[in-house]
Amino acid sequence: MHRLKKGVLIVFEGVDGAGKSTQARLLYERLTKAHFEAELSKEPTEGTWGKKLRKLIDGGRGDVGPQEELEWFIKDRFQHVEEIIKPGLKNNKIIILDRYYFSTIAYQGALGVDPREIEKRNNEFAPEPNLLFLIEIPPAAGIKRIKKSRGEKTDSFERESYLFRVGQIFHSLDKPFLYRLPGKESVQKLSDRTWEITTAYLREHNLIER
Ligand code: TYD
């Protein structure tokens, strides 16, 4: 087993259908196979708030406003940070997240909440990632993929223009740890790319114990 000198947080983000869940899982599998101690986790979580959020997203928002929705995502994340993310990092593991607070910036930002305000709220408790992989894809292509692979009904126009705004906010993110990846590339090529970036990061920061 390779031991690390400290924990590493790796985040995958993108609009629905971009392929981030697949890429997060592939990176997790490659790291595990190469004898790194890694953990894969996702948001919304399976916790109380995460379950409420999935119901809200799948079943329609009803009279829950954007500000309230934001509070739920923050509560869900707070629990995730305390119970999974911080303990994992403390144990020098590689924590891989399928969505994190950049999703809140983009999705709740696209509902009208100020993205800077969302980021500020999150920075108060959620650690910054070491690496952020943003898989970029035109929203129409993402919707097409979801329909094909999951047989989901997405109510076209409204959903598409919402995801377009989400994609725009994602695209405007500017962070030193952000890597933009073209979602139109093959699964294999994208996976090779995230693997190269991750292992280069571990080497360059001299994080592997010997
Ligand atoms: P997703 O990872 O796409 O779930 P699934 O794998 O079940 O399809 O996430 C569900 C939805 O939650 C997705 O449309 C994006 C949304 N979301 C937000 O709006 N804000 C957030 O902060 C997060 C984490 C997710």
Quiz item: Which value, in debye to the nearest 20, gives the size of the charge dipole of the stretch 52-160 about its Cα centre, when Lys and Arg are +1 and Asp and Glu are -1 at the Cβ?
Solution: 540 debye
Quiz prompt | Antiparallel %, DSSP beta bridges [both residues in the chain], to 5 | solution = 5 percent
Practice problem: Place the peptides 193-206, 91-104, 117-130 in order of packing, highest mean first, counting for every residue the other Cβ atoms within 10 Å and averaging per peptide. | Solution: 91-104, 117-130, 193-206
Self-check item: Residue-normalised accessible area of the chain, expressed per residue, 1.4 Å probe, Å²
Solution: 54 Å²
Self-check item: At least 18 Å along the helix axis (C-alpha) and Kyte average at least 1.0, DSSP helices within the chain
Solution: none
Self-check item: Backbone HN-Hα couplings from phi across the stretch 5-16 [Karplus 6.51/-1.76/1.60, Hz, Gly and Pro as x]
Solution: 6, 7, x, 10, 10, 10, 10, 10, 9, x, 5, 3
Quiz item: Which value, in Å² and to the nearest 10, is the accessible area of ILE137 when all protein chains are kept and the probe is 1.4 Å?
Solution: 30 Å²
Quiz item: Quick one: which of LYS42/LYS184; LYS20/LYS93; LYS75/LYS189; LYS86/LYS184; LYS42/LYS86; LYS51/LYS184 span more than 25 angstrom between C-alpha atoms?
Solution: LYS75/LYS189; LYS86/LYS184; LYS51/LYS184
Quiz prompt | Those residues of the stretch 100-116 whose amide nitrogen sits under 17 Å from the label point placed on SER172, 7 Å along Cα→Cβ | solution = 102-116
Self-check item: Residue (of PRO87, PHE73, SER103) at the positive-pole extreme of the stretch 32-119, dipole from beta-carbon charges
Solution: PRO87
Exercise. Restricting things to alpha carbons, find the Rg to Rh ratio for the stretch 8-204 using the Kirkwood radius for Rh.
Key: 0.94
Quiz item: Counting Lys and Arg as +1 and Asp and Glu as -1, each charge on the Cβ, what is the dipole of the stretch 8-204 about the Cα centre in debye, to the nearest 20?
Solution: 620 debye
Self-check item: Distance in nm between pseudo-label sites at ASP114 and TRP195 (7 Å out along the Cβ direction from Cα)
Solution: 4.5 nm
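The values are calculated or read from the model by the stated rules, or taken from the named source; none is laboratory data. The structure displayed is predicted, hence computed values, not measured ones. Cβ atoms come from the backbone with ideal geometry, glycine included; neighbour counts cover every protein chain shown. What goes into the accessible areas is simple: the full protein's heavy atoms, side chains included, and nothing from ligands, DNA or RNA. Shrake-Rupley method; radii C 1.70, N 1.55, O 1.52, S 1.80 Å.
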